[in-house]
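Engineer: A single structure is presented below for examination.
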Amino acid sequence: MNQFQPLVFSGVQPTGNLHLGNYLGAIRKFVALQATNDCIYCVVDMHALTAQLVHEDLKEQTRSIAAAFIASGIDPTKHIVFNQSAVSGHAELAWIFNCVARIGWMNRMTQFKDKAGKDAEKASLGLYAYPSLMAADILLYRATHVPVGDDQKQHLELTRDIAQKFNLDFAAKIRAIGKGIDIKVGDEPVHAYFPMVEPLIDGPAPRVMSLRDGTKKMSKSDASDLSRINLMDDAETIAKKVRKAKTDADGLPSETAGLAGRPEADNLVGIYAALSDKSKADVLADFGGQQFSAFKPALADLAVEVLSPITGEMRRLMDDTAHIDAILKDGGERANARAEVTMKEVRDIVGFL
Ligand code: TYM
């Protein structure tokens, strides 16, 4: 069976400060993947309009995500770093996908329900269609692998559904242009134009939880700043937040099974493991039996050791906006050249003159 050319794609929204969840769930994985893959990393500025239309500083926010990518170790010359709005194919393909996706599929999206809140009638149409734009982001490059945190899993399933329906509905047209690939979806042979994307969610911290409540996701929108470690926090703030992190009264178990039913302990061990590229079992082999009063300072030190060089480099990069803008412009041009190859074929498949 044939295979699509492997390509990694992911995106981060330029809304609010990046936090440890974004770093461990996404950016740290982006960095690791670039050694062995062709990668495209996108600052999804068009997505930023879906929940809030007017932003005081969208340009600055966009630059700061690009700076975070680069400060974390992404090489924008070997790979592509760009902002979504620079490549019009994202919007164009999203429109076609709006016509592929079914309303019933969109109605199942839990993130829309969470973000729209009680008064969903007042949410923007963009927020509702958001997952269709996300599918377009990925499939515009016919990307095969998408590193994300656990909260994006459902959106990637929708991306597969959209790809599948497009491939089946346009099967004859795809054959006619001769650009499809014979793949298997389950046991079914399909002549596919778009790949079935594989989410890359694994690792010890696919869902970093709030430091104040181990059952809630660490998030930009949490009212309490103590709930998250921001990438721009200084060492003292990080230490304070870890010290104040909620825990239970017991010490650390020696085996991972002992973390069951202890969300706060599980979260802190997961964070330590992800920051040190170890498994939770390895961390517990070192810290099992110890109290949080001993573990928390070690965790704070580790977080500072990993994050402070990134923060320093981000600040340095943010002082040179011309440099960041040049990187994004170059990335946008290279992304656009690839996107146009897909869009020419898609227009042909769909039947646009
Ligand atoms: P966004 O901007 O909300 O988050 C960026 C990335 O950070 C991950 N993440 C987390 N991972 C672990 N624990 C957490 N607490 C946590 N919080 C956030 C997210 O899963 C994500 O990987 N829809 C996307 C952006 C997007 C995208 C795409 C991603 C648009 N197009 C195409 C991949 C491919 C989003 O809002 O991520």
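Engineer: Those residues that are of a type in the set (Ser, Thr, Tyr) and surrounded by fewer than 18 Cβ atoms within 10 Å (Cβ to Cβ), I need them from segment 242-255; list them, please.
Structural biologist: 254
Engineer: Looking only at helices (runs of 4 or more DSSP H) that lie completely in segment 1-102, which have at least 2 residues being under 30 Å from residue 185 (Cβ atoms)?
Structural biologist: 28-33, 89-100
Engineer: Residues of segment 188-232 being of a type in the set (S, T, N, Q) and either without any contact (Cβ under 8 Å) to a residue 12 or more places away in the chain or over 16 Å from residue 306 (Cβ atoms) (or both), which ones?
Structural biologist: If the condition is that a residue be of a type in the set (S, T, N, Q) and either without any contact (Cβ under 8 Å) to a residue 12 or more places away in the chain or over 16 Å from residue 306 (Cβ atoms) (or both), then 210, 215, 219, 221, 224, 227 are the ones that fit.
Engineer: What's the number of the only condition in (1) open to solvent by less than 40 Å² (accessible area, probe 1.4 Å); (2) at pLDDT below 95 that residue 51 fails to meet?
Structural biologist: Every listed condition holds for residue 51 apart from (1).
Engineer: Where residues in segment 132-183 are of a type in the set (D, E, K, R) and within 12 Å of the ligand (Cβ to nearest atom), which of them is most open to solvent (accessible area, probe 1.4 Å)?
Structural biologist: Quick first cut of segment 132-183, residues of a type in the set (D, E, K, R) only: 137, 142, 150-151, 153, 157, 160-161, 165, 169, 173, 175, 179, 182.
From what's left, within 12 Å of the ligand (Cβ to nearest atom): 137, 150-151, 153.
On the way: 137: 5, 150: 50, 151: 53, 153: 96 Å².
Only one residue tops the list, namely 153.
A quick yes/no check of all residues on (1) of a type outside the set (Ser, Thr, Tyr); (2) within 16 Å of the ligand (Cβ to nearest atom); (3) modelled with pLDDT under 95:
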{"position": "189", "(1), (2), (3)": "yes, no, yes"}
{"position": "192", "(1), (2), (3)": "yes, no, no"}
{"position": "199", "(1), (2), (3)": "yes, yes, no"}
{"position": "209", "(1), (2), (3)": "yes, yes, no"}
{"position": "213", "(1), (2), (3)": "yes, yes, no"}
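Engineer: Here is a follow-up. Helices (runs of 4 or more DSSP H) wholly in segment 257-353 with at least 2 residues that are aromatic (Phe, Trp, Tyr) - which ones?
Structural biologist: In segment 257-353, 292-318 are the helices (runs of 4 or more DSSP H) which contain 2 or more residues that are aromatic (Phe, Trp, Tyr).
Engineer: Still on this structure: Among all residue pairs at least 6 apart or on different chains, which show Cβ distances below 6 Å where the first residue, located in segment 233-262, is within 16 Å of residue 279 (Cβ to Cβ) and the second is surrounded by 15 or more Cβ atoms within 10 Å (Cβ to Cβ) and of a type in the set (Asp, Glu)?
Structural biologist: 259/266
Engineer: Next up: Any residue in segment 152-176 that is farther than 15 Å from residue 9 by Cβ sitting within a Cβ distance under 9 Å of a residue that is among the basic types (Lys, Arg)? List the pairs, counting only those 6 or more apart or interchain.
Structural biologist: Going by the 9 Å Cβ cut-off, the qualifying pairs are 154/108; 158/108; 161/102; 165/102.
To keep it simple, each residue is scored yes or no on (1) within 15 Å of the chain's Cα centre (by Cα); (2) farther than 30 Å from residue 238 by Cβ; (3) away from the ligand (no atom under 13 Å from the Cβ); (4) outside the structural domain of residue 304 (by TED's automatic domain parsing).
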residue	(1), (2), (3), (4)
12	yes, no, no, yes
37	no, yes, yes, yes
44	yes, no, no, yes
49	no, yes, no, yes
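Engineer: Please tell me if residue 82 is in the same structural domain as residue 332 (by TED's automatic domain parsing), open to solvent by less than 40 Å² (accessible area, probe 1.4 Å), closer than 20 Å to residue 275 by Cα and among the aromatic types (Phe, Trp, Tyr).
Structural biologist: It is false that residue 82 is in the same structural domain as residue 332 (by TED's automatic domain parsing), open to solvent by less than 40 Å² (accessible area, probe 1.4 Å), closer than 20 Å to residue 275 by Cα and among the aromatic types (Phe, Trp, Tyr).
The values are calculated or read from the model by the stated rules, or taken from the named source; none is laboratory data. As the structure is a computational prediction, the values presented were derived from the model and not from experiment. Virtual Cβ from ideal backbone geometry, glycine too; neighbours counted across all protein chains shown. Accessible surface areas use protein heavy atoms only, side chains included; no ligands, DNA or RNA. Shrake-Rupley method; radii C 1.70, N 1.55, O 1.52, S 1.80 Å.
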